Amino acid sequence: MFTGIIEDKGNVLKVAYRGQEKRLTVELPPRLTEVQLGDSINLNGVCLTIAQRKENSVDLDFSQETLQRTTLGELREGDQVNLERALRLTDRLGGHIVTGHIDGIGVIVEKRKERDFLQLRIRIPESVSRYVVQKGSIAIDGISLTVNEYQAGEIHMTLIPYTIEKTTLRDKKVGDPVNVEADILGKYVEKLLNRGDQKSGPIDLSFLNEHGFLKRD
């Protein structure tokens, strides 16, 4: 589990292929060198396990599922990536709950500098859009961002100077793909409202009235 507050950026040192799978060697910034073999780490929004620990780098394995559902398959040597260590229970939750399980791939359709800020507009998959609410949270390449506006399948967000400096979004261009993860709370609410029980049916006005939740005159 993560917060979407990127700790630092790392550099891709090596890309190796193992059949249909892929192994990435990532150079760690000094503040993240305490990670250990088997730890979880968030890389561009994707939760990965450290397969091998070296002095200043780690090896991360990508399954075929990860390569198909995320943008990680496009990473090349020299690319920078967003990094965040797993959340500890004693940490402050500065962003929102991020699982590191990508829901879909979005595309940057507008990127505009406005004084010290960056205005970003991203087209997201229809399967993700039902979980998006204005002023709600969404993770883009692992970064916890607030949705300023949602319209016609696109979300608009404002990046503050700290986020611009600490993440890879500063170097992204219009047309670039990004990993998108919707807020998991919305998914649980949807599941509970549908109840997953065809015998009982969904929670609707009839259900609420039958069980005394609606005020009667």
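Only the coordinates and a few stated rules stand behind these numbers; no lab work does. From a predicted model like this one, the values you see are computed outputs, not experimental measurements. No Cβ is skipped: glycine too gets one built from the backbone with ideal geometry, and neighbour counts run over all protein chains shown.
Where does the Debye-calculated log10 I(q)/I(0) of region 2-49 sit at q = 0.17, 0.20, 0.30, 0.33 Å⁻¹, using only Cα point scatterers of equal weight, no solvent? Scattering profile of region 2-49, log10 relative to I(0): -0.57, -0.78, -1.41, -1.43.
In region 130-186, Rg over Rh equals 0.94, where Rg is the alpha-carbon radius of gyration and Rh the Kirkwood radius from pairwise Cα distances.
Counting every pair of alpha carbons in region 90-141, the share spaced more than 15 Å apart comes to 60 percent.
Cross-link partners of LYS187 among lysines, defined as those whose alpha carbon lies under 26 angstrom from its own and excluding same-chain residues fewer than eight positions apart: LYS135, LYS199.
So what is the relative contact order of region 8-85, in percent, for Cα pairs below 8 Å that sit 6 or more residues apart? This gives 40 percent for region 8-85. Within the chain, the longest run free of exposed loop sites, counting trypsin sites (Lys or Arg not before Pro) that sit outside DSSP helix and strand states (H, G, I, E, B) and have at most 15 other Cβ atoms within 10 Å, spans 1-53. On the principal axes of its alpha carbon atoms, the chain extends 70, 42, 37 Å, with the longest extent given first. Here the extension length gained between GLU114 and LEU205 equals 28.2 nm, from 0.36 nm per residue of separation less the Cα-Cα distance.
Using C-alpha pairs below 8 Å separated by at least 6 residues, the relative contact order for the chain is 22 percent. As a calculated quantity, the FRET efficiency between HIS156 and VAL189 at R0 = 25 Å, using C-beta atoms, amounts to about 0.60. Projecting label points 7 angstrom from Cα along Cα→Cβ for SER40 and ARG18 puts them 2.1 nm apart.
Ranked by how many other Cβ atoms sit within 10 Å of their own Cβ, fewest first, the residues ILE102, ILE184 fall in the order ILE184, ILE102.
Principal axis extents of the Cα atoms in region 14-73, from largest to smallest and rounded to whole angstrom, are 31, 21, 17.
Normalised by the residues of region 63-156, what does the relative contact order come to in percent, with Cα pairs under 8 Å and at least six apart?
Working: 103 pairs, mean separation 20.6, N = 94.
It rounds to 22 percent for region 63-156.
Which shape class applies to region 1-116: rounded if a/c is under 1.5, otherwise prolate when a/b exceeds b/c and oblate if not, where a ≥ b ≥ c are the square roots of the Cα gyration tensor eigenvalues?
Since a/c stays below 1.5, the shape of region 1-116 is classed as rounded.
What dipole magnitude, in Debye to the nearest 20, does the chain give about its Cα centre under +1 on Lys/Arg Cβ and -1 on Asp/Glu Cβ?
On the way: 31 positive and 33 negative charges, 31 e Å.
Around 140 debye, computed over the chain.
If you build the convex hull over the alpha carbons only and average its shadow over all orientations, what do you get for region 57-109? Give it in nm² to one decimal. With the hull built on Cα positions only, its mean projection is 5.7 nm².
Under the combined filter of DSSP loop state and at most 14 neighbouring Cβ atoms within 10 Å, region 5-35 retains these GluC sites (Glu not before Pro): GLU34.
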